[in-house]
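See below for the structure under consideration.
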Amino acid sequence: MPTWLDIIILSIVEGITEFLPISSTGHMIITNKILGLAETEQLDAFLVIVQIGAILAVVSVFWKIFLGWIRAWLALAPKSPIQKEELHASARKQSLFAASAVIPFALMGFAFHKQIKALFDVRIVASALITGAIVILVSEYLIGKRRSPQKTTDSLSLKDALLVGCGQCLALWPGFSRSAATIISGRLRGFSQGAAAEISFIIGLPTLAGAASYEMFEKAKLLNAEWFQYLAVGIVVAWVVAFIFVKGFILFLQKYSMAVFAYYRLVVGGLLLIFFR
């Protein structure tokens, strides 16, 4: 059984790593090893459900966008007091495009759920961290050679959303990072670095929500009162930490490239291969 300190540490790691391109799943596996926690179904459920904190962080940062989408759909209701502006049609379209990005990930995750669970190993995480680092550096080089104007979040099309969604499937390899996969996919589709990050955060919302909901439905019956207390505190801690790091990451991307995260991944991946043989 983990201690309260273990729970706080795991929740902080979740909040820091969920939206950075360094893999939250990979770092949670590494943290478990360092803390010496036994692998149980209850702990597995906690590690997924605590992502609700990261979900709340994204909602907190991008609440204006989500509120605009809600208002756009409510405008369709009979006798709605919300004026049916042309802007609402664009918002509805954007929300549908963002939601569609989850489809490839959901299909792959459902089809290969058991095989993916078998990949939760430190050496596999290490290989994913290193591979992801190389992909980041190569994509930074290819994007740097382009001279074309960079697209904004508002120009997201259905094709863009589905291709970014396909890229997100790389995150099913533990250690690759959903954030890295979607930001790189967005950048290769011609979006600015900031816009690609926003798209990554937004399409991550239904992805994380779906995973957390599935885990709650499947394993909530295994959790006792103490585990629910752990979850309540863990979600709040992850929410606060993720909010800070999402805001910080957005500011970081306005000035710097993602190369620093690639070098970090190479170092961590290399150390894992050395110390976890």
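Just give me the residues in region 103-123 being in a helix (DSSP H, G or I) and over 19 Å from the mean Cα position of the chain (by Cα), in sequence order.
Of the residues in region 103-123, the ones in a helix (DSSP H, G or I) are 103-111, 113-117, 122-123.
Hits for region 103-123 are 111, 114, 115, 122, 123.
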Could you list, in sequence order, the residues of region 13-62 that are of a type in the set (S, T, N, Q), surrounded by fewer than 21 Cβ atoms within 10 Å (Cβ to Cβ) and in contact (Cβ under 8 Å) with a residue 40 or more places away in the chain? 42, 60
Only one of 245, 217 that is at pLDDT below 90 and of a type in the set (A, V, I, L, M, F, W, C): 217
Just one of (1) closer than 22 Å to residue 132 by Cβ; (2) surrounded by 15 or more Cβ atoms within 10 Å (Cβ to Cβ) trips up residue 223, so point out which. (1)
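Confirm whether residue 237 is of a type in the set (Val, Ile, Thr) and surrounded by fewer than 18 Cβ atoms within 10 Å (Cβ to Cβ). Spell out how you get there, then give the answer.
Numbers: of a type in the set (Val, Ile, Thr): yes; surrounded by fewer than 18 Cβ atoms within 10 Å (Cβ to Cβ): no.
Answer is no for this residue.
Yes or no: residue 111 among the aliphatic types (A, V, I, L, M), closer than 16 Å to residue 207 by Cβ and at pLDDT below 85? Full working, then the answer.
Details: among the aliphatic types (A, V, I, L, M): yes; closer than 16 Å to residue 207 by Cβ: yes; at pLDDT below 85: yes.
For residue 111, the condition - among the aliphatic types (A, V, I, L, M), closer than 16 Å to residue 207 by Cβ and at pLDDT below 85 - is met.
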Picked from region 183-212 (must be under 24 Å from residue 245 (Cα atoms) and without any contact (Cβ under 8 Å) to a residue 40 or more places away in the chain), the residue surrounded by the fewest Cβ atoms within 10 Å (Cβ to Cβ) is 185
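Can you work out which of the residues in region 174-210 that are assigned to a helix (DSSP H, G or I) and in contact with a Pro (Cβ under 7 Å, 6 or more places away or on another chain) is farthest from residue 66 (Cα to Cα)? Please lay out each step first, then the result.
Just the residues of region 174-210 that are assigned to a helix (DSSP H, G or I), to begin with: 178-188, 193-210.
Applying the additional criterion that residues be in contact with a Pro (Cβ under 7 Å, 6 or more places away or on another chain) yields 179-180, 183.
Details: 179: 20, 180: 23, 183: 20 Å.
Taking the candidates together, the pick is 180.
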Within region 177-230, residues being within 19 Å of the chain's Cα centre (by Cα) and under 16 Å from residue 50 (Cα atoms) number 13
Under 6 Å by Cβ, and 6 or more places apart or on different chains, what pairs join a residue from region 161-175 that is under 17 Å from residue 131 (Cα atoms) with one that is assigned to a loop (DSSP other than H, G, I, E, B)? 170/176; 174/119; 174/120; 175/23
How many residues are over 16 Å from residue 249 (Cβ atoms) and out of contact with any Leu (no Cβ under 9 Å at 6 or more places or on another chain) when one looks only at region 54-77? 13
Has region 136-145 got at least one residue that is surrounded by fewer than 20 Cβ atoms within 10 Å (Cβ to Cβ), of a type in the set (A, V, I, L, M, F, W, C) and at pLDDT 90 or above? yes
Go through region 1-40 and count every residue that is out of contact with any helix residue (DSSP H, G or I) (no Cβ under 8 Å at 6 or more places or on another chain) and of a type in the set (S, T, N, Q). 2
Assuming residue 92 fulfils every condition listed in (1) in contact (Cβ under 8 Å) with a residue 40 or more places away in the chain; (2) surrounded by 13 or more Cβ atoms within 10 Å (Cβ to Cβ); (3) assigned to a helix (DSSP H, G or I) apart from one, which condition is it? (1)
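The values are calculated or read from the model by the stated rules, or taken from the named source; none is laboratory data. All values reported here derive from a predicted model rather than from experimental measurement. Positions of Cβ are generated from backbone atoms using ideal geometry, with glycine treated the same way; all protein chains shown enter the neighbour counts.
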